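Trainee: Here you go, one structure.
The values are calculated or read from the model by the stated rules, or taken from the named source; none is laboratory data. Quick caveat: nothing in here was measured; it's all calculated off a predicted structure. When we count neighbours, we look across all protein chains shown, and the Cβ atoms used for this are built from the backbone with ideal geometry, even at glycine.
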Amino acid sequence: MGKFFKLIYNEEIKLYIRKSTWIMYIVLAGLIIGIAALTNTFDQGKNYTSDNWRTELQKENKALQKDTEDYIKETNPDEDDFYVNMNQEEMDRNNYYLEHDIQPQNYGAWQFTSDNAGLLSVVSLLTIIVAAGTVANEFRWGTIKLLLIRPISRSVILLSKYVSVLLFALITLVFVLALSLISGGMFFGFEDSLQTVVTSHGELQQTSLVTETLSSYGYQIVNLIMMTTFAFMISVLFRNSALAIGIAIFLMLSGNSIVGFFQDRAWAKYILFANTDLQQYTTGSPLMEGMTMQFSITVLIVYYIIFIALSWIMFTKRDVAGF
Amino acid sequence: MAEFAMELIHTKKRIGQKEIIKGLSFQIKKGEVFGFIGPNGAGKTTTIRMMVGLMNITSGDILIQGNSIKTKFKEAIKEVGAIVENPEMYPFMTGWQNLMHYARMSSDVTKERVHEVVALVGLEKAINQKVGRYSLGMRQRLGIAQALLSYPSILILDEPTNGLDPAGIREIRQYIRRIAEEEQVSVIISSHLLSEIEMMCDRIGIIKNGELITIESVRAAVGESEKEKELLMMQVEAAPIDKAINLLQAKHSIKAVREEKMLVFQTEKENVPSIIKTLVEQDIAIYQAGVAKKSLEDKFFDLIGENTIG
């Protein structure tokens, strides 16, 4: 085993040997199975067969049309009403199926997994907790003193801790994916074909459910990595995991409000949270004018370098004393 | 190979405006047990933290087997096994898991070695219990086992007797001497209580307010020639005492002090007969003469006076 690999192994052992880590996974499993069970109970599920799907879709569209008209009559909404748009999108999608003669899929394991992409914010939360603890806990336990008097440089120790946190995120992500597929498969069965229709750059397109699922997970990973790195930095700076968890989770939850609050300022587009959602560029409606994918990636890289550099400088240069 | 196991060269530590360590210079010989004594707040732990690279050295340097801890950290620290302050371990892991954790951080530590150190500190029975359930004494042993893992040539133990009961202290004393001999290591052992470690040390360095006050030999060093150079604290009851004091000053350039009826002075063993001869020849009556039973503890207090903090 390489030396660095051994360090990672050490970190993962310290993580997975503790009950608190297992509780995280139990909570996550409970959430996934719970969502599957709830969806199964409340969503009657459309049952398209090769014979009836065309008439089913037309029926649906009629119902949606009527629903929208009633809604407009009753509430007299704005031009850009959310509910109206949602119904319209649904109708467009149905029409796309009809025009291209594609049979829509019944709800299945992949669809369920794709819908669970939102659970990545829970994964982010757990990873933040782990990232906040990895350095701060060594200080709290006093074990940092024994860790830093080995023939290994502080930079390498820090790197091993950071990589271990990312590894935890990856393992947890795979756990969510796998358990979603399994519980989705158990509750809804698997789709016959993996073709689906999505909105891309304002237009409907046909794509594979697997690609679609993986890409929606992928976009969320950006936010996960940024917030995890941020929590890691706070934990190195203040050597206090509670503080790091608090600040990181607060910012994660209030990120969008912060951007909204400063929206009319010129510098608002440089706020980290305005740039963490890269999916805004594929669906075709960026948060602010003048923002592009390239711009956001540059901003993200700059923040990332600052987070990493601050952590590294503080960890390697500061005295370990007074614990 | 370097001449000394460890060498401190004008080591200073400043935190903010305050100079905590004011230029320490001393050497640790190979294979000796060196006691590092001082009142709380004197700078023992700070010095030890600098020795192992946990704290930066403001100026000066510390060489471990000839390698600077500042510029050749890896080479220097490889020679060191240490416990800094309390022997803190991961409480949620067993003793064995803790040792394996540290074993994986050094390149040459095998499972057999881990078994070996566990046996050395006598922790075989409890090694598979979680450290959270260990008594302080057991954790102290596990700490020493951890420090010994990678075959260090210098063992640094910071306050290893802290919080132990007398039986535990006696135990530690016994096996630190044994380890020093069996593993052929230099041991640096710090304490604020001299009496606790006096017996196991070869030499003792006393530090107060960040300055080294003195270094004393405790037990006879290995070589015979050094044995004869050992200083004795002599107590002589003589009359007239003032004349005796003057004589010692004039003929042997020894500064003697008067303590009631006693004449107290320090000298080498080989000088004792001639000193007594001088006194007798000058018609001074000697009622008794002997080596003072003054312990190092008393000397320690003489040297550092009251425990001053600041």
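Trainee: Looking at B:ALA5 and the list (1) under 27 Å from A:ARG318 (Cβ atoms); (2) under 18 Å from the mean Cα position of the chain (by Cα), which single condition is not satisfied?
Mentor: Of everything listed in (1) under 27 Å from A:ARG318 (Cβ atoms); (2) under 18 Å from the mean Cα position of the chain (by Cα), B:ALA5 misses just condition (1).
Trainee: Next question, about the same structure. Checking A:THR41 against (1) within 14 Å of another protein chain (Cβ to nearest Cβ); (2) surrounded by fewer than 16 Cβ atoms within 10 Å (Cβ to Cβ); (3) polar (S, T, N, Q), which single condition isn't satisfied?
Mentor: For A:THR41, the failing item is (1).
Trainee: Additional query: Filter the stretch B:132-147 down to the residues that are surrounded by fewer than 22 Cβ atoms within 10 Å (Cβ to Cβ) and in contact with a Leu (Cβ under 8 Å, 6 or more places away or on another chain), then identify the one that is nearest to B:VAL109 (Cα to Cα).
Mentor: The residue in question is B:MET138.
Trainee: Right, next: Out of the residues in the stretch B:13-40 meeting the condition of being within 27 Å of A:ILE152 (Cβ to Cβ) and not hydrophobic (A, V, I, L, M, F, W, C), tell me which one is farthest from the other protein chains (Cβ to nearest Cβ).
Mentor: B:LYS30
Trainee: Within the stretch A:136-160, take every residue that is polar (S, T, N, Q) and in contact with an Asp or Glu (Cβ under 8 Å, 6 or more places away or on another chain) and give me the one that is nearest to the other protein chains (Cβ to nearest Cβ).
Mentor: A:THR143
Trainee: Regarding the stretch B:61-71, can at least one residue be identified that is within 14 Å of B:LEU212 (Cβ to Cβ) and small (Gly, Ala, Ser)?
Mentor: No - not one qualifying residue is present in the stretch B:61-71.
Trainee: For the stretch B:123-173, give me each residue that is in contact with an Asp or Glu (Cβ under 7 Å, 6 or more places away or on another chain) and under 18 Å from B:HIS192 (Cα atoms).
Mentor: Listed by number, the residues that qualify are B:ASP158, B:GLU159, B:THR161, B:ILE169.
Trainee: Could I ask something else about it? Identify all residues within the stretch A:132-187 that are more than 23 Å from B:GLU79 (Cα to Cα), more than 22 Å from the chain's Cα centre (by Cα) and polar (S, T, N, Q); write none if there are none.
Mentor: Passing the criteria: A:ASN137, A:SER160.
Trainee: Output the helices (runs of 4 or more DSSP H) that fall wholly within the stretch A:205-323 and possess 1 or more residues being hydroxyl-bearing (Ser, Thr, Tyr) and within 14 Å of chain B (Cβ to nearest Cβ), or say none.
Mentor: A:293-317
Trainee: Of all residues in the stretch B:152-168, how many are modelled with pLDDT of 80 or more and under 15 Å from the mean Cα position of the chain (by Cα)?
Mentor: 7
Table: residues versus (1) surrounded by fewer than 19 Cβ atoms within 10 Å (Cβ to Cβ); (2) in contact with a Leu (Cβ under 9 Å, 6 or more places away or on another chain); (3) outside any loop (DSSP other than H, G, I, E, B).
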| position | (1), (2), (3) |
| --- | --- |
| A:PRO151 | yes, no, no |
| A:ILE157 | no, yes, yes |
| A:TYR162 | no, no, yes |
| A:ALA169 | no, yes, yes |
| A:VAL174 | yes, no, yes |
| A:SER180 | no, yes, yes |
| A:SER183 | no, no, yes |
| A:MET186 | yes, no, yes |
| A:PHE190 | yes, yes, no |
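Trainee: Can you find even one residue in the stretch B:92-100 that is modelled with pLDDT of 90 or more, aromatic (Phe, Trp, Tyr) and out of contact with any strand residue (DSSP E or B) (no Cβ under 7 Å at 6 or more places or on another chain)?
Mentor: Within the stretch B:92-100 (the criterion being modelled with pLDDT of 90 or more, aromatic (Phe, Trp, Tyr) and out of contact with any strand residue (DSSP E or B) (no Cβ under 7 Å at 6 or more places or on another chain)), the answer is yes, since at least one residue qualifies.
Trainee: Additional query: Answer yes if at least one residue in the stretch A:172-194 is under 21 Å from A:ASN10 (Cβ atoms) and touching a Phe, Trp or Tyr at 6+ places or on another chain (Cβ under 9 Å), and no otherwise.
Mentor: So in the stretch A:172-194, the residues under 21 Å from A:ASN10 (Cβ atoms) come out as A:172.
Among the residues that remain, those that are also touching a Phe, Trp or Tyr at 6+ places or on another chain (Cβ under 9 Å) are: A:172.
For the stretch A:172-194, residues under 21 Å from A:ASN10 (Cβ atoms) and touching a Phe, Trp or Tyr at 6+ places or on another chain (Cβ under 9 Å): present.
Trainee: Is it the case that the stretch B:35-46 has a residue that's surrounded by fewer than 22 Cβ atoms within 10 Å (Cβ to Cβ), in a strand (DSSP E or B) and of a type in the set (A, V, I, L, M, F, W, C)?
Mentor: no
Trainee: With the requirement that a residue be more than 14 Å from every other protein chain (Cβ to nearest Cβ) and more than 15 Å from B:ARG178 (Cα to Cα), what does the stretch B:135-161 give you?
Mentor: Of the residues in the stretch B:135-161, the ones more than 14 Å from every other protein chain (Cβ to nearest Cβ) are B:135, B:137-138, B:141, B:160-161.
Of everything in the stretch B:135-161, those that are more than 14 Å from every other protein chain (Cβ to nearest Cβ) and more than 15 Å from B:ARG178 (Cα to Cα) turn out to be B:SER135, B:GLY137, B:MET138, B:PRO160, B:THR161.
Trainee: If a residue has to be under 15 Å from A:LEU126 (Cα atoms), within 14 Å of another protein chain (Cβ to nearest Cβ) and surrounded by 15 or more Cβ atoms within 10 Å (Cβ to Cβ) to count, how many in the stretch A:13-38 make the cut?
Mentor: Residues meeting the conditions: 3.
Trainee: Go through (1) among the aliphatic types (A, V, I, L, M); (2) facing chain A (nearest Cβ under 9 Å); (3) closer than 27 Å to B:GLY122 by Cβ one by one and return the number of the condition B:ILE48 breaks.
Mentor: Unmet for B:ILE48, out of (1) among the aliphatic types (A, V, I, L, M); (2) facing chain A (nearest Cβ under 9 Å); (3) closer than 27 Å to B:GLY122 by Cβ: (2).
Trainee: Which of the following residues is within 9 Å of chain A (Cβ to nearest Cβ) and more than 18 Å from B:ILE144 (Cα to Cα): B:GLY53, B:GLY43? Lay out the reasoning, then the answer.
Mentor: Values: B:GLY43 fails: within 9 Å of chain A (Cβ to nearest Cβ).
Going through B:GLY53, B:GLY43 in turn, just one is within 9 Å of chain A (Cβ to nearest Cβ) and more than 18 Å from B:ILE144 (Cα to Cα): B:GLY53.
Trainee: Does B:ILE144 satisfy the criteria of being modelled with pLDDT of 85 or more, in a strand (DSSP E or B) and either out of contact with any helix residue (DSSP H, G or I) (no Cβ under 6 Å at 6 or more places or on another chain) or not aromatic (Phe, Trp, Tyr) (or both)?
Mentor: No, not satisfied.
Trainee: Could you say whether any residue in the stretch A:116-133 is within 14 Å of another protein chain (Cβ to nearest Cβ) and in a helix (DSSP H, G or I)? Please lay out each step first, then the result.
Mentor: Narrowing the stretch A:116-133 to residues within 14 Å of another protein chain (Cβ to nearest Cβ): A:133.
Subsequent filtering for residues that are in a helix (DSSP H, G or I) retains A:133.
Taking every residue of the stretch A:116-133 in turn, at least one turns out to be within 14 Å of another protein chain (Cβ to nearest Cβ) and in a helix (DSSP H, G or I).
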